[in-house]
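Below you'll find the structure, written out as structure tokens, and then a few comments.
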Amino acid sequence: MQLQIQDKQERIIYMIRKIIHIDEDKCDGCGACATACHEGAIGIINGKAKLLRDDYCDGLGDCLPTCHTGAIKFVEREALAYDEKAVLANMQKKMQQSGKTITHAGCPGQQMRTLNNANSADNNIDVNSIPQIKSQLGQWPCQIKLVPINAPYFNGAKLLIAADCSAYAYANMHNEFMKGKITLIGCPKLDSIDYSEKLTEIIKNNNIQSVTIVRMEVPCCGGLEMAAKKALQNSGKFIPWQVVTFSIDGKILDK
């Protein structure tokens, strides 16, 4: 639902959308959420986290996994549409005021980088001498949006919930993480949906043995981790789980 209000200078767009809500009674003012929010939507005022501007909140929820008190949640309400231009302008202003050089203003996941993997000594190895690695994908489809809630392959499955980019960043993804698991992939930034509801139903309605969450180090991947953790909690089941974080250049940062 979208409502447009025209003023003399610009068009202001309100819509019913997903946006964060901060429970001040639960907030202890640690500031972790404000640090995680690269759009600058959250600030600490009088010792409490506050949503400073609706149009700075992109609704991806990078802040949610950092809140150890559970003070932040998603709600749907009438709010200003996310304004990327305003966010970028605010970022540039802050960096200029702090005397920093502006190399990139925007989502860290969109920052351009050249990796040195292409110059690796391994590139001199004859590819024909390397044994072919077999795919360890155990089912199709694998996109979270496309998989059914109930399927035979979920019975007794070890579930891998992975970010789209992870298999490209980490060279041994198939043998080290996908082997023996049912793989579900997604990107909360591109899909712009809440995966937690579908993942909850999959975990609740099937005999899932374990859950491994593989994400990238970029903040937007926090939405995938948050959705998987929420699904585990809402399923009412006690299932072993772990989170593994990959760096942009293909290293394991946290396991």
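The values are calculated or read from the model by the stated rules, or taken from the named source; none is laboratory data. These numbers come from a predicted model, not from an experiment. Every residue, glycine as well, gets a Cβ built from its backbone with ideal geometry; the counts of neighbours run over all protein chains shown.
Residues in the range 205-215 include at least one that is modelled with pLDDT of 95 or more, surrounded by fewer than 22 Cβ atoms within 10 Å (Cβ to Cβ) and in a helix (DSSP H, G or I).
So which residues in the range 201-255 are hydrophobic (A, V, I, L, M, F, W, C) and free of Cβ contacts under 8 Å to residues at least 12 places away in the same chain, if there are any at all?
Phe238 - this is the single residue of the range 201-255 that is hydrophobic (A, V, I, L, M, F, W, C) and free of Cβ contacts under 8 Å to residues at least 12 places away in the same chain.
Quick one: is Gln242 under 24 Å from Ile72 (Cα atoms), outside any helix (DSSP H, G or I), in the same structural domain as Ala169 (by TED's automatic domain parsing) and of a type in the set (S, T, N, Q)? Against the criterion (under 24 Å from Ile72 (Cα atoms), outside any helix (DSSP H, G or I), in the same structural domain as Ala169 (by TED's automatic domain parsing) and of a type in the set (S, T, N, Q)), Gln242 qualifies. Residues considered: Arg11, Arg53. Of these, the only one that is surrounded by fewer than 19 Cβ atoms within 10 Å (Cβ to Cβ), at pLDDT below 85 and of a type in the set (Lys, Arg) is Arg11.
Scanning the range 216-255 for residues that are of a type in the set (Lys, Arg) and crowded, with 16+ Cβ neighbours inside 10 Å gives Lys229, Lys230. Restricting attention to the range 60-78 and to residues that are in contact (Cβ under 8 Å) with a residue 60 or more places away in the chain and surrounded by fewer than 20 Cβ atoms within 10 Å (Cβ to Cβ), the residue that is farthest from the chain's Cα centre (by Cα) turns out to be Glu78. Here Ala167, Ala157 are screened, and the one residue that is among the aliphatic types (A, V, I, L, M) and without any contact (Cβ under 8 Å) to a residue 40 or more places away in the chain is Ala167.
Count of the range 180-195 residues, restricted to those that are surrounded by 23 or more Cβ atoms within 10 Å (Cβ to Cβ) and part of a helix (DSSP H, G or I), is 1.
I want to confirm something. Restricting to the range 145-169 and keeping residues that are hydrophobic (A, V, I, L, M, F, W, C) and outside any loop (DSSP other than H, G, I, E, B), which single residue is nearest to Ile252 (Cα to Cα)? In this case the residue turns out to be Ala169. Of all residues in the range 182-196, those satisfying the criterion of being in contact with a helix residue (DSSP H, G or I) (Cβ under 8 Å, 6 or more places away or on another chain), free of Cβ contacts under 8 Å to residues at least 60 places away in the same chain and more than 13 Å from Leu159 (Cα to Cα) are Gly186, Cys187, Tyr195, Ser196. Scanning the range 43-84 for residues that are more than 24 Å from Lys229 (Cβ to Cβ), touching a strand residue (DSSP E or B) at 6+ places or on another chain (Cβ under 7 Å) and part of a strand (DSSP E or B) yields Gly43, Lys50, Glu78, Ala79, Leu80.
Rundown of residues vs (1) at pLDDT 95 or above; (2) touching a strand residue (DSSP E or B) at 6+ places or on another chain (Cβ under 8 Å); (3) at positive phi, yes/no style:
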site	(1), (2), (3)
Asn172	no, no, no
Leu184	yes, yes, no
Leu190	no, no, no
Ser196	no, no, no
Thr200	yes, no, no
Val218	no, no, no
